[in-house]
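**Student:** First the structure, which I've put down as structure tokens, then a few questions once you've had a look.
What follows draws every value from the coordinates through simple rules; no lab data is involved. Because the structure is a prediction, the values reported are computed rather than measured. We place every Cβ from the backbone using ideal geometry, glycine too, and count neighbours over all the protein chains shown.
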Amino acid sequence: MKLKVSCNLHFQIDDSAALILMLRPLSGAQQWISKSSYIVEPDVPITESKDSYGNLCQRLVAPPGAFFIYTSSEVVVAEYSDQAPGACFIEIQNLPDPVLPYLLPSRYCESDRFGDLAREIVADALPGYDQVSKIVNWVRHSVEYIPGSSDSPLSAIEVNNRGYGVCRDLAQLAIALCRSISIPARLVAGYLYRLEPMDLHAWFEAYVGGRWYAFDPSQNALHGGRVIIAFGRDAADVSIFHQFGLGCVLHSMDVQVNKID
């Protein structure tokens, strides 16, 4: 399917502020960017680079006053997300080097604290994809998905104790559980067609059967129509913007995902 996705931001800035943004998706194995637009008002110089995870980052200095960022892309993506029940667990010594960082505990995914719980959840599952599916089902039924319930990122331990959270929170808990049984897992930020309520979305990918597969504990089913903006170890790596300086406030954000016939 072909989707048009957009994210428009309105900042109110008291003094000039440096911004680092991740708002432009890249073409890759799962998506093809056929057209894109990136407009800022007032116009300022933008420097673009890639971070250590391969995500596109835009850096700029916004002047005082109202500052607007308008981004849109037309993207060809799959209507269905790949699934592979029975895909095998990959032993650590056989993992590709770039996958290894996604085995380790990180700021919001304290995988070293979840080993006993994870082993209990996956006790009767085949190693690999089926274990991840068990973890996703457990998170889906144990933690309530409430859009807008978290103003700032929570750690997996905090989410597990609280029992509810946003999509990012459920994904990070699942990531911590996966890593605790030596399955690499990474957080993904992007767009999801027909998400309700519409917003930027977060899910995760696990490395089993020799490749990355998508999983989404906040949704009842693994829908297609996903556009990846960024991926990383956890929310600290995939934030769509970082602001530096006082008096820089995000006034509004509008996200749209529409199918192009």
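**Student:** With θ set to phi - 60°, apply the Karplus curve 6.51 cos²θ - 1.76 cosθ + 1.60 along the range 24-37 and write out the HN-Hα couplings as whole Hz, x wherever there is a Gly or Pro.
**Tutor:** Along the range 24-37, the couplings run 10, x, 10, 5, x, 4, 9, 7, 10, 8, 8, 7, 8, 9 Hz.
**Student:** Give the shape of the range 92-238 as rounded, prolate or oblate, defined through the alpha-carbon gyration tensor: a ≥ b ≥ c are the square roots of its eigenvalues, a/c under 1.5 means rounded, and otherwise the shape is prolate if a/b is larger than b/c and oblate if not.
**Tutor:** rounded
**Student:** Could you work out the percent of alpha carbon pairs in the range 1-137 separated by over 27 Å, rounded to a whole number?
**Tutor:** The calculated P(r) of the range 1-137 puts 47 percent of pairs beyond 27 Å.
**Student:** What distance in nm lies between label points placed 7 Å from Cα along the C-beta direction at Cys88 and Cys57?
**Tutor:** 3.8
**Student:** Can you list, bin by bin at 5 Å, the percent of alpha carbon pairs in the chain, starting at 0?
**Tutor:** All Cα pairs considered, the percentages come to 1, 6, 13, 17, 18, 16, 13, 8, 4, 2, 1, 0.
**Student:** Quick one: 3J(HN,Hα) in Hz for the range 46-55, Karplus 6.51/-1.76/1.60 with θ = phi - 60°, rounded, Gly and Pro as x.
**Tutor:** Whole-Hz 3J(HN,Hα) from phi for the range 46-55: 10, 10, 10, 8, 10, 7, 5, 9, x, 7.
**Student:** Run the quick spin-label model on Glu74 and Val99: label points 7 Å from Cα toward the beta carbon, then report their separation in nm to one decimal.
**Tutor:** Here the modelled spin labels are 3.6 nm apart.
**Student:** Also: Given the options Arg24, Arg186, Arg59, state which has the largest fluctuation in a GNM of the chain using a 10 Å cut-off (strictly under) for Cα springs.
**Tutor:** Comparing Arg24, Arg186, Arg59 in the GNM, the peak value goes to Arg59.
**Student:** I would also like to ask the following. By counting other Cβ atoms within 10 Å of each Cβ, how are Leu246, Leu56 ranked from fewest to most? Don't skip to the answer; put the middle values down first.
**Tutor:** Working: Leu246 9, Leu56 16.
Ascending Cβ contact count within 10 Å gives the list Leu246, Leu56.
**Student:** Please work out how much length the chain gains when fully extended from Leu250 to Asp124, using 0.36 nm per residue of separation minus the C-alpha to C-alpha distance, in nm with one decimal.
**Tutor:** Values: separation 126, 0.36 × 126 = 45.36 nm, distance 4.65 nm.
Taking Leu250 through Asp124 to full extension adds about 40.7 nm, to one decimal.
**Student:** Taking the Kirkwood radius as the inverse of the mean 1/r across Cα pairs, report the Rg/Rh of the range 35-100.
**Tutor:** My calculation puts Rg/Rh at 1.18.
**Student:** Something else: Any idea what the relative contact order of the range 92-238 is, in percent, if you count C-alpha pairs under 8 Å spaced at least 6 apart?
**Tutor:** Relative contact order here is 27 percent.
**Student:** Based only on other Cβ atoms within 10 Å, what is the fewest-to-most ordering of Val40, Val249, Val5?
**Tutor:** So the residues, fewest neighbours to most, are Val249, Val40, Val5.
**Student:** Determine the principal axes of the Cα atoms in the range 127-210, then give the extent along each, sorted from largest to smallest and rounded to whole angstroms.
**Tutor:** For the range 127-210, the Cα spread along each principal axis is 34, 30, 20 Å.
**Student:** Rounded to the nearest 0.05, what FRET efficiency do Ala236 and Ile146 have when you use their Cβ-Cβ distance and R0 = 30 Å?
**Tutor:** 0.85
**Student:** If you don't mind, another one. Could you give the longest part of the chain that holds none of the GluC sites (Glu not before Pro) found in DSSP loops with at most 12 neighbouring Cβ atoms within 10 Å?
**Tutor:** With a cap of 12 other Cβ atoms within 10 Å, the longest stretch comes to 92-261.
**Student:** By count of other Cβ within 10 Å, fewest leading, how are Cys88, Cys167 ordered? Provide the component values of the computation, followed by the final result.
**Tutor:** Working: Cys88 14, Cys167 24.
Fewest-to-most Cβ neighbours within 10 Å comes out as Cys88, Cys167.
**Student:** Could you state the angle between the C-alpha long axis of helix 129-142 and the longest principal axis of the C-alpha atoms of the chain, as a value from 0 to 90 degrees rounded to the nearest 10?
**Tutor:** Rounded to the nearest ten degrees, it is 70.
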